1. Within the stretch 50-71, does at least one residue satisfy the condition of being assigned to a helix (DSSP H, G or I) and farther than 21 Å from T207 by Cβ?
2. I'd like to know if the stretch 216-225 contains one or more residues that are part of a helix (DSSP H, G or I), closer than 21 Å to G107 by Cβ and polar (S, T, N, Q).
3. hydroxyl-bearing (S, T, Y) and modelled with pLDDT under 90: does that describe T186?
4. Inspect all residues belonging to the stretch 32-39 and state whether any of them is part of a helix (DSSP H, G or I) and either closer than 17 Å to I229 by Cβ or not hydrophobic (A, V, I, L, M, F, W, C) (or both).
5. Would you please name the residue that is farthest from the chain's Cα centre (by Cα), looking only at residues in the stretch 77-127 that are basic (K, R) and not in a helix (DSSP H, G or I)?
6. Out of the residues in the stretch 166-202 that are free of Cβ contacts under 8 Å to residues at least 24 places away in the same chain and aliphatic (A, V, I, L, M), which is surrounded by the most Cβ atoms within 10 Å (Cβ to Cβ)?
7. Considering V71, V75, V102, V94, which residue is surrounded by fewer than 17 Cβ atoms within 10 Å (Cβ to Cβ), out of contact with any Pro (no Cβ under 8 Å at 6 or more places or on another chain) and farther than 15 Å from L39 by Cβ?
Amino acid sequence: MEDVLIYGLLRGGIFAMAAFGFNLVQGVIGIVNFAHGALVVFGGLATHYLVTRLGLPYLASLAVAALATGVLAAVIQRVFIARTFRLEPLMVLVQTFGIATVITELGSMGWGTEERLLRVKTDLPAGWQIGQTFVPSFDLLIFLTSLLSAGALFVLLARTPFGQAIRACSDNRQSAQLNGINLARTFERTMFFSGLWAGLAGGLFVTLSPLAPYMHFGWTVDAFLVVVIGGLGSMGGALLGGLLFGVLNFGASFYLPTVAPAVTFSVLLLFLIFRPQGLFGSGPTTRK
């Protein structure tokens, strides 16, 4: 039980990172981005490519891949989502699903369909003993990185003009516009940071577990589950939801591997029935 808890928490940090951007877009722009998982996979495979094919250091590759993923997300917002959202908001669901399919097919053509895993060498010791469980040092380093990235995102949202703008847009778009906030620019920046954190999550995950283009939908579902658990619009809820989901996911795969997805979705249904706003959500709101 101890090892399930520890390894579940370690993986939960990456799940939280992947969910930050999904939660941000859903809370600010008001859409469910089905292309989010494709962005996570894109960031991971781009990191792998930059290290293995171009020979860049891992940290530089991670930064470049995350920035590229953010730019890709912002372009998707400007060229596709913004136009469709003005005409028919519900069609964005179909559109982002199609975009995810296109990204996946292009990724399969460029990188292949096989699973990729990146091994990163460090000067750290092999690991440490925590109770009866041996924890690899690199896994712990990635977990700490995910916590630091969460802290950076919290500062960005709470202490910067951009954070004030997206909170204003999330609360009342009409009032935000009357106060001089450019909605289109704010939404594009929101998508950029969503993609940035998705790319970081993918670039970290590919060093721990294999990643392939076909896995994009699973990442979208996982991000949605984390948001359901933590609560829409709450970054703290996304962090805690990611950690809880990591433990749940790892525990279900460890103890009940044949029915693990059913166990995970059963918990989702229970949350939707008894706590639809999540652990830290504010409950149903009306967009003004």
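The values are calculated or read from the model by the stated rules, or taken from the named source; none is laboratory data. Remember, it's a predicted structure, so these values are computed and weren't measured experimentally. Don't worry about glycine lacking a Cβ; one is built from the backbone with ideal geometry, like all the others, and counts go over all protein chains shown.
1. Of the stretch 50-71, the ones assigned to a helix (DSSP H, G or I) are 50-52, 58-71.
From the residues that got through so far, the ones that are farther than 21 Å from T207 by Cβ too are 71.
Yes, because at least one residue in the stretch 50-71 is assigned to a helix (DSSP H, G or I) and farther than 21 Å from T207 by Cβ.
2. The answer is yes; a qualifying residue exists.
3. On the way: hydroxyl-bearing (S, T, Y): yes; modelled with pLDDT under 90: no.
For T186, the condition - hydroxyl-bearing (S, T, Y) and modelled with pLDDT under 90 - is not met.
4. Taking the stretch 32-39 first, the residues part of a helix (DSSP H, G or I) are 36-39.
If we keep only those that are either closer than 17 Å to I229 by Cβ or not hydrophobic (A, V, I, L, M, F, W, C) (or both) too, we end up with 36-37.
Among the residues of the stretch 32-39, at least one is part of a helix (DSSP H, G or I) and either closer than 17 Å to I229 by Cβ or not hydrophobic (A, V, I, L, M, F, W, C) (or both), which makes the answer yes.
5. Narrowing the stretch 77-127 to residues basic (K, R): 78, 83, 86, 116, 119, 121.
Still in the running and not in a helix (DSSP H, G or I): 116, 119, 121.
On the way: R116: 19, R119: 22, K121: 25 Å.
Only one residue fits best here, namely K121.
6. Filtering first and then ranking leaves A176.
7. Details: V71 fails: farther than 15 Å from L39 by Cβ; V75 fails: farther than 15 Å from L39 by Cβ; V102 fails: farther than 15 Å from L39 by Cβ.
Step by step, each of V71, V75, V102, V94 is checked, and only V94 is surrounded by fewer than 17 Cβ atoms within 10 Å (Cβ to Cβ), out of contact with any Pro (no Cβ under 8 Å at 6 or more places or on another chain) and farther than 15 Å from L39 by Cβ.
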